[in-house]
Amino acid sequence: MTQPVRVLFVCLGNICRSPVADGVFRQKVAEAGLSGKIIVDSAGTGSWHVGHAPDARMMRTAERHGVDISRLRARQFEASDFERFDHVLAMDRSNLADMLALARDTSHEDKTRLFRDHDPDPGDGQVPDPYYGGDQGFETVYNIVDRTCDALLEELRARHEF
Ligand code: 4NP
């Protein structure tokens with residue numbers, strides 16, 4: 001049996017953007033029958049919310065779309081994640097820079113990129129931080145994450161012949 005592919009989504013707090021990417025992608029992977037082949041996790045570059053459930057506004061938005069992220073708990077990104085994951089996907093350029101500052105090796109840099117590099121309609125390449133805005137921001141994040149996760153899954157299926 002081949003090794004599973006391991007995907008890590010990373011934002012700042014690990015309570016809004018990366019948990020919804022984690023939940024949405026995990027659900028798409030399960031629906032495709034690939035749960036043993038693609039391992040999904042998320043983390044934040046910051047430590048403020050470690051151990052917390054996702055933001056209630058993000059949980060409600062995900063729930064409206066049929067995705068339950070209530071059991072996820074925030075954790076902080078650490079340098080050892082570069083060894084444990086094959087694809088490390090940052091929600092914005094600040095998250096990307098903060099992670100690359102911890103990279104010890106070109107292989108760490110090579111597997112780390114913007115999540116929206118996979119988005120067919122990538123805009124400015126970043127998932128906007130919804131934390132200080134209104135409910136519409138969470139819906140915008142959901143829509144970006146949903147279509148980008150579809151494209152990411154297709155890319156992984158093609159690359160790894162799942
Ligand atoms: P996230 O959103 O990075 O998508 O989880 C944020 C959550 C918390 C904070 C900022 C962004 N904060 O400043 O506490």
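For S70, work out the one condition from (1) buried (at least 16 other Cβ atoms within 10 Å of the Cβ); (2) in a loop (DSSP other than H, G, I, E, B) it doesn't fulfil.
Going through (1) buried (at least 16 other Cβ atoms within 10 Å of the Cβ); (2) in a loop (DSSP other than H, G, I, E, B) one by one, S70 breaks only (1).
Would you pick out the residues in segment 13-33 that are under 9 Å from P54 (Cα atoms) and among the β-branched types (V, I, T)?
I15, V20
Go through segment 120-143 and give me each residue that's free of Cβ contacts under 8 Å to residues at least 40 places away in the same chain, out of contact with any Pro (no Cβ under 8 Å at 6 or more places or on another chain) and either closer than 18 Å to P19 by Cβ or open to solvent by 80 Å² or more (accessible area, probe 1.4 Å) (or both). Reasoning before the result, please.
So in segment 120-143, the residues free of Cβ contacts under 8 Å to residues at least 40 places away in the same chain come out as 120-126, 128, 132-134, 136-137, 140, 143.
Of the ones still in play, those that are also out of contact with any Pro (no Cβ under 8 Å at 6 or more places or on another chain) are 120-126, 128, 132-134, 136, 143.
Within segment 120-143, P120, D121, D124, Q126, P128, Y132, G133, Q136, N143 qualify.
When you look at F25, is it open to solvent by less than 40 Å² (accessible area, probe 1.4 Å), within 14 Å of the ligand (Cβ to nearest atom) and aromatic (F, W, Y), yes or no? Give the steps one after another, and end with the answer.
Numbers: open to solvent by less than 40 Å² (accessible area, probe 1.4 Å): yes; within 14 Å of the ligand (Cβ to nearest atom): no; aromatic (F, W, Y): yes.
So F25 does not fit the description; no.
Condition (residue is of a type outside the set (S, T, Y) and within 16 Å of the ligand (Cβ to nearest atom)) applied to segment 105-113: is it met by at least one residue?
Checked segment 105-113: no residue is of a type outside the set (S, T, Y) and within 16 Å of the ligand (Cβ to nearest atom).
Restricted to segment 1-22, and to residues that are assigned to a loop (DSSP other than H, G, I, E, B) and away from the ligand (no atom under 16 Å from the Cβ), which residue is most open to solvent (accessible area, probe 1.4 Å)? Reasoning before the result, please.
Step one: list which residues in segment 1-22 are assigned to a loop (DSSP other than H, G, I, E, B), which gives 1-4, 12-16.
From what's left, away from the ligand (no atom under 16 Å from the Cβ): 1-4.
Values: M1: 216, T2: 109, Q3: 151, P4: 29 Å².
Ranking the candidates gives M1 first.
So, in segment 104-119, of the ones that are touching a strand residue (DSSP E or B) at 6+ places or on another chain (Cβ under 7 Å) and not in a helix (DSSP H, G or I), which residue ends up surrounded by the most Cβ atoms within 10 Å (Cβ to Cβ)? Reasoning before the result, please.
Filtering segment 104-119 for residues touching a strand residue (DSSP E or B) at 6+ places or on another chain (Cβ under 7 Å) gives 111-115.
Keeping just the survivors that are not in a helix (DSSP H, G or I) gives 111-114.
Numbers: K111: 16, T112: 22, R113: 15, L114: 19.
Per the criteria, the residue is T112.
Can you say whether V50 is within 12 Å of the ligand (Cβ to nearest atom) and open to solvent by 20 Å² or more (accessible area, probe 1.4 Å), as far as the supplied structure shows? Before the answer, list the steps.
Details: within 12 Å of the ligand (Cβ to nearest atom): yes; open to solvent by 20 Å² or more (accessible area, probe 1.4 Å): yes.
Answer is yes for this residue.
Considering only segment 30-42, state which residues are more than 10 Å from the ligand (Cβ to nearest atom) and in contact with a helix residue (DSSP H, G or I) (Cβ under 7 Å, 6 or more places away or on another chain).
First pass over segment 30-42, keeping only residues more than 10 Å from the ligand (Cβ to nearest atom): 30-41.
Result: A32, S35, I38, V40, D41.
May I ask you to list the residues in segment 130-152 that are acidic (D, E), touching a Lys or Arg at 6+ places or on another chain (Cβ under 8 Å) and within 20 Å of A56 (Cβ to Cβ)?
D135
For segment 27-59, enumerate the residues that are among the polar types (S, T, N, Q) and in contact (Cβ under 8 Å) with a residue 12 or more places away in the chain. Outline the logic, then answer.
Residues of segment 27-59 among the polar types (S, T, N, Q): 27, 35, 42, 45, 47.
Result: Q27, S42, T45, S47.
The values are calculated or read from the model by the stated rules, or taken from the named source; none is laboratory data. Predicted model, so just to flag it, every value in this text is computed and none were measured. Ideal geometry is used to build each Cβ from the backbone, glycine not excepted, and the neighbour counts take in all protein chains shown. Just so you know, the surface numbers come from the protein's heavy atoms only, side chains and all, with ligands and any DNA or RNA stripped out. Shrake-Rupley method; radii C 1.70, N 1.55, O 1.52, S 1.80 Å.
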